[in-house]
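Below is one structure, written out as structure tokens, with a few remarks after it.
The values are calculated or read from the model by the stated rules, or taken from the named source; none is laboratory data. Owing to the predicted nature of the structure, the values given are computational and were not obtained by experimental measurement. Cβ placement follows ideal geometry from the backbone for every residue including glycine, while neighbour counts extend to all protein chains displayed. For accessibility, only protein heavy atoms count, side chains too; no ligands or nucleic acids. Shrake-Rupley method; radii C 1.70, N 1.55, O 1.52, S 1.80 Å.
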Amino acid sequence: MPDELARLTEFVYEIGLLKRYKRTGWLVAGVAAPESIADHSFRAAVLAGVLAAMEGADPERSALLSLFHDSQETRLTDIPYLAKRYVTRAPNEKVTADQVQGLPGPVADLISGSVAEYEQKTSLEARCARDADKLDCLLQAIEYRDQGHHTIQPWIDSSLAALQTPSAKKLANEALGTGSLDWLPEAVNGTNGPAAD
């Protein structure tokens, strides 16, 4: 058990790299200080839970799958789509198997099982998590566009085209017609919160 605990400690430090690694596609789009992989994974997990609830799936499971969907990027980094045509990378399940080697069995099984389910795309929870990944990219692109970056339309288009669930498509269409800070005045004025006494 002490060796497993040491490996688990190493693993959680490794996962911390995702807070430092930037999403490289946004660099290609001209965003000087893009979000980190962990930034992306957080909102994707929230979206996965939301989409799963809307689709009648298990929100907790979908959020969990989403949390681990890019965990392999501690070792692969975030390879931009421009490079993927020229680079052969190991399957995510293989990278995950290496990452979880020596971890306590239940932890290794949790992580490996989550990644496998996400990659196989067979469960509704996995499809919601995959849509959450694309939906977060679309939302981030809208936010960057609202901040003055005008080269991000391809990210919006490709993300929108990849969505599968009806709920993700509806949410994306609503987001496309809404500014990323349109919610703020109502929140500040108290018109979309609890009723004032």
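Counting only helices (runs of 4 or more DSSP H) wholly contained in region 1-75, the ones carrying 3 or more residues that are modelled with pLDDT of 95 or more and of a type in the set (D, E, K, R) occupy 2-15, 37-55. Taking each residue of region 1-17 that is without any contact (Cβ under 8 Å) to a residue 60 or more places away in the chain and surrounded by 11 or more Cβ atoms within 10 Å (Cβ to Cβ) and looking for partners that are of a type outside the set (F, W, Y) and in a helix (DSSP H, G or I) with beta-carbon atoms closer than 8 Å, six or more apart or interchain, yields I15/T74; L17/T74. Close Cβ contacts (under 6 Å, 6 or more residues apart or on different chains) running from residues in region 44-63 that are farther than 18 Å from A172 by Cα and of a type outside the set (G, A, S) to residues that are part of a helix (DSSP H, G or I) and open to solvent by 10 Å² or more (accessible area, probe 1.4 Å) comprise D58/E125; P59/G49; P59/A53; R61/E125. Surrounded by 15 or more Cβ atoms within 10 Å (Cβ to Cβ), farther than 24 Å from P166 by Cβ and in contact with a Phe, Trp or Tyr (Cβ under 8 Å, 6 or more places away or on another chain): does that describe V115? Yes; evaluated as a whole, the condition is true for this residue. Among residues of region 153-181 that are open to solvent by 70 Å² or more (accessible area, probe 1.4 Å), those with a beta-carbon under 9 Å from a residue that is of a type outside the set (F, W, Y) and not in a helix (DSSP H, G or I) at least six positions away or on a different chain give the pairs P154/A29; Q164/K121; K169/L163. Of the conditions (1) at pLDDT 95 or above; (2) in contact with a helix residue (DSSP H, G or I) (Cβ under 6 Å, 6 or more places away or on another chain); (3) closer than 18 Å to V28 by Cβ, P80 fails just one. Which one is it? Of the numbered conditions (1) at pLDDT 95 or above; (2) in contact with a helix residue (DSSP H, G or I) (Cβ under 6 Å, 6 or more places away or on another chain); (3) closer than 18 Å to V28 by Cβ, the odd one out for P80 is (1). Does A129 qualify as being surrounded by 15 or more Cβ atoms within 10 Å (Cβ to Cβ), out of contact with any Phe, Trp or Tyr (no Cβ under 6 Å at 6 or more places or on another chain) and modelled with pLDDT of 95 or more? For A129, the condition - surrounded by 15 or more Cβ atoms within 10 Å (Cβ to Cβ), out of contact with any Phe, Trp or Tyr (no Cβ under 6 Å at 6 or more places or on another chain) and modelled with pLDDT of 95 or more - is not met. Residue-level check: of (1) at pLDDT below 95; (2) within 21 Å of R43 (Cβ to Cβ), V87 misses just (2).
Selection of first residues in region 67-84 that are over 26 Å from V50 (Cβ atoms) and among the β-branched types (V, I, T) and of second residues that are modelled with pLDDT under 95 and loosely packed, with under 15 Cβ neighbours inside 10 Å, restricted to Cβ pairs under 8 Å at least 6 apart or on distinct chains, gives the following pairs, ordered by first then second residue: I79/V87; I79/R89.
Listed residues T9, T24; which is touching a Pro at 6+ places or on another chain (Cβ under 7 Å) and polar (S, T, N, Q)? Write out each step before concluding.
Values: T9 fails: touching a Pro at 6+ places or on another chain (Cβ under 7 Å).
Selected residue: T24, the only one of T9, T24 that is touching a Pro at 6+ places or on another chain (Cβ under 7 Å) and polar (S, T, N, Q).
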